[in-house]
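Taking it in order: structure first as structure tokens, then the write-up.
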Amino acid sequence: MNETPLSIPEAIVRLETLCARGEHCTYELRQKLLQWGIPPFKHQDVIEHLIRKHFVDDRRFANACVRTKFNINGWGRAKIEIWLRCRHVDYDIIREALKTQIDPVDYSAKLLTMMTTKFHSLGGEFTFDVRQKLYRFALHKGFEVEVVMEALSKIAED
């Protein structure tokens with residue numbers, strides 16, 4: 001840890017480098033500024049500079065996170081929304097990203113695939129206990145009750 005706080009130009013260079021390597025939201029950058037000892041009244045100027053130079057964009061961050069969390073982590077809309085809210089992304093940006101980045105057909109298919117895999121790992125027999133485990137599994141992943149119930153009925157039919 002540095003004992004002396006960074007200067008504003010040094011912090012800007014570090015943040016530009018950080019943002020060039022991956023997507024970050026403004027909240028994460030503010031946390032870094034606090035960590036580096038930059039006074040809070042200077043944060044807005046630094047963030048505005050990064051926005052002007054297109055290093056940071058909360059909309060781009062939300063879109064990237066929705067795609068990644070859904071496609072790679074297998075998260076549902078509810079869990080993704082909570083994760084983004086924890087990073088102080090604007091609610092309208094979150095709703096737009098969830099709407100535009102996740103296809104409803106892919107959403108249902110992804111859940112069905114995950115639940116079918118889980119079903120087979122639980123023995124492949126559709127008992128009440130297995131049904132409850134699948135239900136909790138899907139809710140924990142952040143999928144909505146309606147979609148989960150639909151997937152459960154498809155698994156029960158097979």
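The values are calculated or read from the model by the stated rules, or taken from the named source; none is laboratory data. Just so you know, these numbers come straight off a predicted model, no measurement behind them. Neighbour counts are summed over all protein chains in view; Cβ atoms, including those assigned to glycine, are modelled from backbone coordinates with ideal geometry.
The lone criterion from (1) under 20 Å from Thr26 (Cβ atoms); (2) without any contact (Cβ under 8 Å) to a residue 40 or more places away in the chain; (3) among the small types (Gly, Ala, Ser) left unmet by Ser153 is number (1). Considered as a group, the residues in segment 60-90 that are closer than 15 Å to Cys25 by Cβ and among the β-branched types (Val, Ile, Thr) include one that is farthest from the chain's Cα centre (by Cα), and that residue is Val89. Among the residues of segment 32-72, the ones that are of a type outside the set (Lys, Arg), loosely packed, with under 15 Cβ neighbours inside 10 Å and outside any loop (DSSP other than H, G, I, E, B) come to 10 in all. Tell me yes or no: at least one residue of segment 75-82 is part of a loop (DSSP other than H, G, I, E, B), modelled with pLDDT of 95 or more and on the phi < 0 side of the Ramachandran plot. For segment 75-82, residues part of a loop (DSSP other than H, G, I, E, B), modelled with pLDDT of 95 or more and on the phi < 0 side of the Ramachandran plot: present. Restricting attention to segment 78-120, the residues that are closer than 18 Å to Val145 by Cα, aliphatic (A, V, I, L, M) and in contact (Cβ under 8 Å) with a residue 24 or more places away in the chain add up to 9. Glu150 meets the conditions (1) within 30 Å of Cys19 (Cβ to Cβ); (2) out of contact with any Lys or Arg (no Cβ under 9 Å at 6 or more places or on another chain) in every case but one. The failed one is (1). If the condition is being charged (D, E, K, R) and over 17 Å from the mean Cα position of the chain (by Cα), then segment 107-152 contributes Lys118, Glu125, Asp129, Arg131, Lys133, Arg136, Glu146, Glu150.
Of all the listed residues (Leu98, Leu134, Leu122), the sole one being surrounded by 14 or more Cβ atoms within 10 Å (Cβ to Cβ) and modelled with pLDDT under 95 is Leu122. Kindly check whether there is at least one residue in segment 128-144 that is within 26 Å of Glu28 (Cα to Cα) and assigned to a helix (DSSP H, G or I). Yes, there is a match, as at least one residue in segment 128-144 is within 26 Å of Glu28 (Cα to Cα) and assigned to a helix (DSSP H, G or I).
Which residues, taken from segment 4-30, are in a helix (DSSP H, G or I) and more than 11 Å from Val56 (Cβ to Cβ)? Result: Ile8, Pro9, Glu10, Ala11, Ile12, Val13, Arg14, Thr17, Arg21.
Scan segment 101-119 for residues that are surrounded by fewer than 16 Cβ atoms within 10 Å (Cβ to Cβ) and assigned to a helix (DSSP H, G or I) and the total you get is 7. Being of a type in the set (Asp, Glu) and more than 24 Å from the chain's Cα centre (by Cα) is a property that Asp57 lacks.
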